[in-house]
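Following: one structure in structure tokens, then a few remarks.
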Amino acid sequence: MERTVEQIPARVPVRTQARRTHGMFVTTSAVLCAGFAGSDGVLRSTFLVLAVVVPGAIVLTLLVRRRVRHPLPWVVVLIGLVLLTVNSIAWLVQLDLEGRAVATGAVVTATLPLGYLCLLVAASIVVSPFARLDAGGVLDAAIIGLGGASVLWTLIVRPPPPDNVAARAAGLGDLVVVVLVTMIVGTVLRAFMTARSAALGYIGLCTGLTLVGTVARLVTRSPSGTSAWWIELVWIVAYTALGAAVLHPSRDDLPRAPRPALRGGTSLSAARLVFLGVALALNPAFTVLMALGDRVVDLALLSVTSLALVPLVLARIAVLARRQASAEASLTHLATHDELTGLLNRRAALGQVDAALARVDAGEASAALVVFLDVDGLKHVNDRHGHAAGDALLVAVAERLRSAVRAEDTVARIGGDEFVVVCVGPPEVISLVPDRIDAGLAHPVAWEHLTLAAQASGGTVIALPGEFAGADEVLALADARMYQVKQRRRHGASQATDADESAARGR
């Protein structure tokens with residue numbers, strides 16, 4: 001009986017897919033730009049519509065086929081491209097079919113800014129993981145971008161004259177767009193410099209060209225509302241970059257920031273401080289220059305940039321404050337804890353013993369128990385199996401000691417193979433702790449292919465009110481008793497060995 005074996009298509013290598021994506025981007029952009037520049041009328045508008053439809057179709061196809069690991073930003077991109085497609089079709093109908101000079105109406109007015117807003121929201125979603133892991137770097141990029149917006153608006157766009165109220169009102173909206181786009185360009189650029197993702201690079205290209213197109217539209221806009229025709233070429237390349245971003249295999253890493261790629265995100269280097277200082281000083285500098293030159297100060301620029309700058313600076317200060325608090329907490333932990341086991345270190349253990357004795361002397365507790373432990377055979381494990389095996393044994397002993405006592409009791413590592421347990425309470429309760437410790441250490445430790453004995457010799461001291469002057473005295477007595485226990489065990493092991501040898505000779 002014949003069987004039909006279904007052939008599973010081979011998966012395209014990542015490098016091949018990446019090269020195809022770059023080739024598609026260059027070819028598609030060139031064809032659409034050449035077609036747009038070399039035509040007019042309905043055909044030219046058709047090329048502009050295709051520039052939006054093609055990336056939209058790519059995004060829709062990949063979403064429907066579930067080929068996108070993180071669909072949210074691409075769903076937002078698709079919504080934006082649909083809105084921009086509607087806008088392009090409306091311009092085509094009104095200008096080329098109806099013969100109007102400028103497209104008007106609610107659809108034209110609403111779909112363009114909403115489409116751009118969706119693209120910017122998608123870029124923000126992609127950058128958001130970097131903002132969580134590299135908050136300082138992203139905030140710095142946004143602040144520097146804000147300074148760049150001031151430069152663009154003052155030196156290139158130039159605000160409308162103050163006597164034209166309608167133009168000033170429209171210019172305020174344009175200013176807000178320029179500020180938002182510039183800040184997002186800065187944050188996307190920061191994320192790309194950190195992750196070196198090609199998909200993120202295409203998103204950065206799209207947002208950068210969006211900024212270029214927005215500024216060029218404002219600079220070349222005529223009193224009738226039209227702008228230079230070549231600006232549409234900028235939008236064509238920007239839209240095609242979105243299609244390349246979703247086609248590139250690195251899209252599956254977005255929106256996710258790779259932790260190993262982040263390098264000193266919250267630190268403030270000298271160069272970054274200089275850039276931040278320049279960015280913060282731009283608005284006051286422009287204000288002074290305008291006043292000295294008898295020019296009207298652009299209150300809209302000052303208002304918008306200040307409203308955007310204050311929360312950014314406060315957020316940057318908050319990041320630095322959290323970093324400092326985290327560093328102080330880390331230093332405090334390192335000063336009082338053992339690095340290998342995470343238990344308290346010798347200094348902290350002495351403080352805990354003193355505190356336990358003080359409670360007993362003050363009548364707050366009936367008695368205090370101090371157990372001084374020395375892990376048996378640690379040197380043999382280190383010499384025979386290496387220090388990695390010895391460290392694994394110490395970590396296992398620490399975990400078992402922590403499990404053998406109560407949550408309020410203290411377990412500390414005070415030396416290479418020495419541990420201390422401190423408990424307070426009624427003598428009949430705390431006197432049971434050594435037996436629980438012995439039970440916890442009775443079973444060997446399995447590490448890789450080895451079985452390591454977890455036995456420890458312990459010296460126990462129960463302190464009653466007024467018996468001891470301090471922690472050093474208690475630990476010295478517990479250490480001496482531990483040494484006696486260890487000597488008895490060695491003597492017993494030696495006698496057992498001698499007896500075995502005698503019995504062997506007798507046979």
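Only the coordinates and a few stated rules stand behind these numbers; no lab work does. Quantities reported herein were computed from a predicted structural model and do not represent experimental measurements. Counting neighbours? That spans all protein chains shown, and the Cβs are built from the backbone with ideal geometry, glycine included.
At a glance:
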| quantity | calculated |
| --- | --- |
| Relative contact order %, region 51-92, counting alpha carbon pairs below 8 Å whose residues are six or more apart | 52 |
| Calculated FRET efficiency for the pair Asp252/Ala442, C-beta based, R₀ 60 Å, to 0.05 | 0.75 |
| Cα centroid separation, region 342-412 to region 102-156 (Å) | 56 |
| Neighbour-count order for Leu343, Leu334, fewest beta carbons within 10 angstrom listed first | Leu334, Leu343 |
| Region 368-472: GluC sites (Glu not before Pro) in DSSP coil with no more than 14 other Cβ atoms inside 10 Å | Glu408, Glu448 |
| Peptides ranked, highest mean first, by Cβ atoms within 10 Å: ranges 35-44, 67-76 | 67-76, 35-44 |
